[in-house]
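The next block holds one structure in the form of structure tokens; read it before the comments.
The values are calculated or read from the model by the stated rules, or taken from the named source; none is laboratory data. Everything numeric in this text was worked out from a predicted model, so none of it was measured. Please note: Cβ atoms are built from the backbone with ideal geometry, for glycine as well, and neighbour counts cover all protein chains shown.
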Amino acid sequence: MTAPAIFGLSGPTLSESERVFFTDVAPFGFILFARNCETPDQVQALCDDLRGLTGRRDTPVLIDQEGGRVARLQGPHWRHPPPARPFGALWDSDPENARRAALLNGQLIGAELAASGINVDCAPVLDVPVRGSHDIIGDRAFHTDPDAIAALGRRFADGLISAGVLPVVKHIPGHGRARADSHAELPVVEATAAELEQDFAPFHALRDFPLAMTAHVLYSALDPTHPATTSKRIIDDVIRGKIGFDGLLMSDDISSNMKAVDGNYATRAQASMAAGCDVVLHCDGDLPAMQEVAAALPPLSDQAAIRWARASFLVLEPQAVDIKAAQAELAALLD
């Protein structure tokens, strides 16, 4: 029986208590942070260990490797990728080369992740920033034009997939208008439903992609009470309805790192699942909190399992990447 949760862990190797817990609850997947990553060989061994506990070779092991300030794999062992914004700057003068650069960046990141055993990247960011919004998105966004974001996001995600890594589009249905950091407080977006249409546009354009992460943002025009992660109205009517996303939907982090969601961990997990998330994400590696989450969850649903199987099919035949040639071409395009 698989628990519909993606859990973090405390360090670069599993503690005995983590090993017992993960074996018992068989989480859907895991997420790694800088605290878990020392060298490529160590990360590969950790990923192998985690999959050994679940007994599923396709167990998702996630990481946030967007580039720029959100890159969990750092030097000297890994390339430090650029943030999304330079690709948008190139778009303004040369859209075709911008698409090519985004593809190459996705391929390079994907190749590094796959070589270390990581099969899911929590990227690209499809949020549409607006003037006056909080810098929590900032240069993580490709552009301010929804069409440019959609085009560049698609090519970046295509690059990941070609290297054998699945993308997670985030933060659906859009975090770009938020004037607060959801790590610190719940952002409230007062935009009208009509204004929010531009925020939905990149997600609608990439609605065929396999995985998405919700936004811990309250949109007063859509649901005046609940943020998207715990709003059945938003998930049913907007994410599944208007946007048309039918892939596997995961919550953003519900751990203590996120102040935008209320209640204890069990309440957060249950509210996310009741709203329509397929799996919940708990990142900070705190074992008692993860135990509370696991105890509150039902088994992974058949629909979620189907969505994951459909996603996994996309990366069955990864393509080899000429790393040096791709790095040289990318550097030339961005210069």
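A few points about this structure:
- Lone unmet requirement of (1) at pLDDT 95 or above; (2) within 19 Å of V189 (Cα to Cα) for A325: (2)
- If you go through region 290-310 and keep only what is of a type in the set (A, V, I, L, M) and either buried (at least 21 other Cβ atoms within 10 Å of the Cβ) or assigned to a loop (DSSP other than H, G, I, E, B) (or both), you end up with M290, V293, A294, L297, L300.
- From the options G285, G263, residue that is farther than 24 Å from D121 by Cβ and in a loop (DSSP other than H, G, I, E, B): G263
- The residues listed here are A260, A271, A275; of these, the one that is touching a His at 6+ places or on another chain (Cβ under 9 Å), crowded, with 16+ Cβ neighbours inside 10 Å, at pLDDT below 95 and hydrophobic (A, V, I, L, M, F, W, C) is A260.
- Residues located in region 92-110, provided they are out of contact with any helix residue (DSSP H, G or I) (no Cβ under 6 Å at 6 or more places or on another chain) and either more than 13 Å from G67 (Cα to Cα) or surrounded by fewer than 23 Cβ atoms within 10 Å (Cβ to Cβ) (or both): D92, S93, D94, P95, E96, R100
- Test: residue in region 158-172 that is within 19 Å of E195 (Cβ to Cβ) and touching a residue at least 24 places away in the same chain (Cβ under 8 Å): yes
Residues are listed down the side, and each one gets a yes or a no for (1) over 19 Å from the mean Cα position of the chain (by Cα); (2) more than 22 Å from D64 (Cα to Cα):
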| site | (1), (2) |
| --- | --- |
| A180 | yes, no |
| D208 | no, no |
| V217 | no, no |
| A228 | no, no |
| I235 | no, yes |
| G244 | no, yes |
| G247 | no, no |
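- Residues in region 66-120 that are of a type in the set (K, R), part of a helix (DSSP H, G or I) and under 22 Å from I136 (Cβ atoms): R85 only.
- The number of residues in region 22-63 that are touching a residue at least 12 places away in the same chain (Cβ under 8 Å), over 23 Å from L249 (Cα atoms) and either surrounded by 20 or more Cβ atoms within 10 Å (Cβ to Cβ) or among the charged types (D, E, K, R) (or both) comes to 9.
- Considering residues of region 128-152 that are of a type in the set (D, E) and not in a helix (DSSP H, G or I) only, the residue surrounded by the most Cβ atoms within 10 Å (Cβ to Cβ): D145
- The listed residue being under 22 Å from R307 (Cα atoms), not charged (D, E, K, R) and not in a strand (DSSP E or B), out of L50, L62, L46: L50
So that you can scan it fast, the table gives a plain yes or no per residue for (1) over 18 Å from R131 (Cα atoms); (2) surrounded by 19 or more Cβ atoms within 10 Å (Cβ to Cβ):
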site	(1), (2)
A184	yes, no
L196	no, yes
D199	no, yes
L206	yes, yes
F209	yes, yes
A215	yes, yes
D223	yes, yes
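- For region 287-295, the criterion of being more than 18 Å from G8 (Cα to Cα) and in contact (Cβ under 8 Å) with a residue 40 or more places away in the chain is satisfied by no residue at all.
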